[in-house]
Amino acid sequence: MWGGRFSSSPSALMEAINASIDFDKRLASEDIQGSIAHSAMLAKRGIIAESDRDAIQQGLQRVLGEIESGSFTFSTALEDIHMNVESRLREIAGDPAARLHTARSRNDQVAVDVRLWVRNAHDRADEQITNLIKVLLDKAEQHAGTVMPGFTHLQGAQPVTFGHHLMAYVEMFGRDRGRFRDSRVRLNESPLGAGALAGTSFPIDRHMTAKALGFDGPTRNSLDSVSDRDSLLEFMSAAAICAVHLSRLAEEIVIWMSAPFGFVRLPDRWTTGSSMMPQKRNPDAAELVRGKTGRIFGSLMSLLTVMKGLPLAYAKDTQEDKEPLFDAADTLEIVLAAMTGMVQDLEPVPGRMAAVAGAGYSTATDLADWLVRSLNIPFRDAHHITGRIVSEAEKRGTSLEDLALDVMQAVEPKIHKGIYEVLSVENSVRSRTSFGGTSPVRVTEQIAWWRERV
Ligand code: ARG
């Protein structure tokens with residue numbers, strides 16, 4: 001492609017370090033889409049003949065067909081997808097193919113290719129997160145009133161509902177989806193036509209190619225257009241945060257499935273056995289969702305490091321954007337799909353969750369609140385009185401619900417039997433009616449709010 005200036009071909013090692021075709025062949029369809037838009041614009045602006053445009057476009061369609069059917073032979077000597085496609089196009093279409101690269105550089109070509117690719121990746125993530133939210137909503141709806149223990153410090157804290165707990169993840173994944181949507185708006189400008197770095201003297205129409213490729217318009221600065229990759233960084237950042245959320249839910253599934261908890265069952269299809277211990281059923285899919293988070297973080301960190309300190313404009317370092325991008329996107333795709341399947345198949349064990357929810361004096365806050373409400377005792381004092389009552393219950397090995405009234409009255413004489421109304425986990429949960437709270441009425445409202453957004 002640039003033989004004119006060179007007297008010998010690259011060394012084998014140069015070829016090995018330089019070639020990107022093994023991974024950037026995934027940009028084939030975006031590359032061809034970009035070239036079709038570019039050639040249409042060149043003809044429209046009278047830069048190439050319409051007959052050349054037609055030969056180029058028919059040839060590109062054939063190349064795409066060959067790549068899709070697997071009959072295309074990729075060549076490492078041709079470095080990357082751009083030159084592999086163009087070289088084959090030359091074989092198919094002859095001389096007109098040599099006019100395609102007028103007013104274009106591989107620098108703006110690759111920039112537009114990765115933008116198109118990452119835009120699709122945003123749309124896939126959006127769709128998959130929406131599906132995950134939908135299955136969470138269905139599960140939450142079935143269990144809006146299913147009591148479970150709520151934790152802080154992983155110590156039993158206050159009873160909540162399983163539906164409420166799942167809705168917490170809906171909020172997280174909803175924000176994740178929002179991040180992908182925000183980033184998609186920002187990336188939707190076309191770098192095509194920026195040339196190698198400075199633009200071109202040909203009378204091109206960047207608005208035309210931008211429109212043809214579904215962009216809102218062309219990017220405004222040619223140096224920036226060819227040299228930045230922040231649209232990829234934003235995708236990977238959003239993916240990394242989403243992976244954090246997925247890993248937290250995955251970890252909870254692992255905990256819930258363990259025998260001491262026994263809060264949920266997961267059908268065999270999401271688990272594996274042990275080659276040595278016949279009794280085992282391991283939550284491997286959840287563990288892998290948790291574990292694959294590392295790959296997504298690693299990809300993000302890797303591209304951040306590649307981009308850091310790069311002088312303007314294009315430098316070959318940027319070629320290192322693709323493998324982390326593809327790996328982050330592939331990983332996100334499979335973990336989102338696996339999590340969606342697991343949530344769908346998750347079977348909570350309400351009896352077990354309710355039993356644990358009631359243990360550990362989880363309604364002590366309700367007792368203290370009752371002292372404030374019914375006896376007008378200041379909260380700090382009520383907290384102290386409740387602490388003493390809990391310790392009496394503990395001494396007797398009984399729950400608060402089963403603690404005799406006279407024992408409570410020995411701590412605070414004004415206590416009367418009305419107190420028992422607030423001591424059951426069901427009543428505790430039902431009473432948490434503040435906006436966003438765990439009461440089934442509030443959870444049902446949260447579900448309805450999200451139903452309108454999926
Ligand atoms: N394969 C290259 C990349 O991914 C294409 C751009 C090459 N540009 C150049 N000036 N060598 O960045």
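Can you find, within the range 359-386, the residue that is nearest to Pro149 (Cα to Cα) among those that are of a type in the set (Gly, Ala, Ser) and open to solvent by less than 40 Å² (accessible area, probe 1.4 Å)?
So the residue we want is Ser362.
Being open to solvent by 40 Å² or more (accessible area, probe 1.4 Å) and within 9 Å of the ligand (Cβ to nearest atom) is the filter here, so list the residues in the range 76-113 that pass it.
If the condition is that a residue be open to solvent by 40 Å² or more (accessible area, probe 1.4 Å) and within 9 Å of the ligand (Cβ to nearest atom), then Arg106 is the only one that fits.
For Val135, indicate whether it is part of a helix (DSSP H, G or I), open to solvent by less than 10 Å² (accessible area, probe 1.4 Å) and either touching a residue at least 12 places away in the same chain (Cβ under 8 Å) or not hydroxyl-bearing (Ser, Thr, Tyr) (or both).
Spelling it out, it is not the case that Val135 is part of a helix (DSSP H, G or I), open to solvent by less than 10 Å² (accessible area, probe 1.4 Å) and either touching a residue at least 12 places away in the same chain (Cβ under 8 Å) or not hydroxyl-bearing (Ser, Thr, Tyr) (or both).
Every residue, every condition in (1) surrounded by fewer than 16 Cβ atoms within 10 Å (Cβ to Cβ); (2) of a type outside the set (Phe, Trp, Tyr); (3) in contact (Cβ under 8 Å) with a residue 40 or more places away in the chain, yes or no:
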position	(1), (2), (3)
Ser231	no, yes, yes
Met236	no, yes, yes
Ala239	no, yes, yes
Ala243	no, yes, yes
Phe263	no, no, yes
Met276	yes, yes, no
Gln279	yes, yes, no
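On the given criteria, is Leu304 surrounded by fewer than 22 Cβ atoms within 10 Å (Cβ to Cβ), within 24 Å of the chain's Cα centre (by Cα) and away from the ligand (no atom under 16 Å from the Cβ)?
So Leu304 fits the description; yes.
Quick one: which of Arg62, Arg119, Arg90 is assigned to a helix (DSSP H, G or I) and touching a Lys or Arg at 6+ places or on another chain (Cβ under 7 Å)?
Arg119
Are any residues in the range 34-75 open to solvent by 50 Å² or more (accessible area, probe 1.4 Å) and either among the small types (Gly, Ala, Ser) or under 15 Å from Gly193 (Cβ atoms) (or both), and if so, which ones?
Lys44, Arg45, Gly46, Ser51, Ser69, Gly70, Ser71
Regarding Gly59, is this residue modelled with pLDDT of 95 or more and on the phi > 0 side of the Ramachandran plot?
So Gly59 does not fit the description; no.
Taking Leu116, is it within 16 Å of the ligand (Cβ to nearest atom) and open to solvent by less than 10 Å² (accessible area, probe 1.4 Å)?
Answer is yes for this residue.
Hey, could you check the range 308-334 for residues that are out of contact with any Ser or Thr (no Cβ under 8 Å at 6 or more places or on another chain) and of a type in the set (A, V, I, L, M) and say which is nearest to Asp31 (Cα to Cα)?
Ala329
Going by the structure shown, is Gly46 farther than 30 Å from Val118 by Cα and not in a helix (DSSP H, G or I)?
yes
Scan the range 139-154 and tell me whether some residue there is in a helix (DSSP H, G or I), within 16 Å of the ligand (Cβ to nearest atom) and either out of contact with any Ser or Thr (no Cβ under 9 Å at 6 or more places or on another chain) or closer than 30 Å to Ala250 by Cα (or both).
Within the range 139-154, none of the residues are in a helix (DSSP H, G or I), within 16 Å of the ligand (Cβ to nearest atom) and either out of contact with any Ser or Thr (no Cβ under 9 Å at 6 or more places or on another chain) or closer than 30 Å to Ala250 by Cα (or both).
Any idea which residue in the range 65-80 is modelled with the highest pLDDT, counting only those that are part of a helix (DSSP H, G or I) and of a type in the set (Ser, Thr, Tyr)?
Ser69
The values are calculated or read from the model by the stated rules, or taken from the named source; none is laboratory data. Please read all numbers here as calculations on a predicted model, not as lab measurements. Neighbour counts are summed over all protein chains in view; Cβ atoms, including those assigned to glycine, are modelled from backbone coordinates with ideal geometry. Side chains are part of the model used for accessible areas, which takes the heavy atoms of the whole protein and leaves out ligands, DNA and RNA. Shrake-Rupley method; radii C 1.70, N 1.55, O 1.52, S 1.80 Å.
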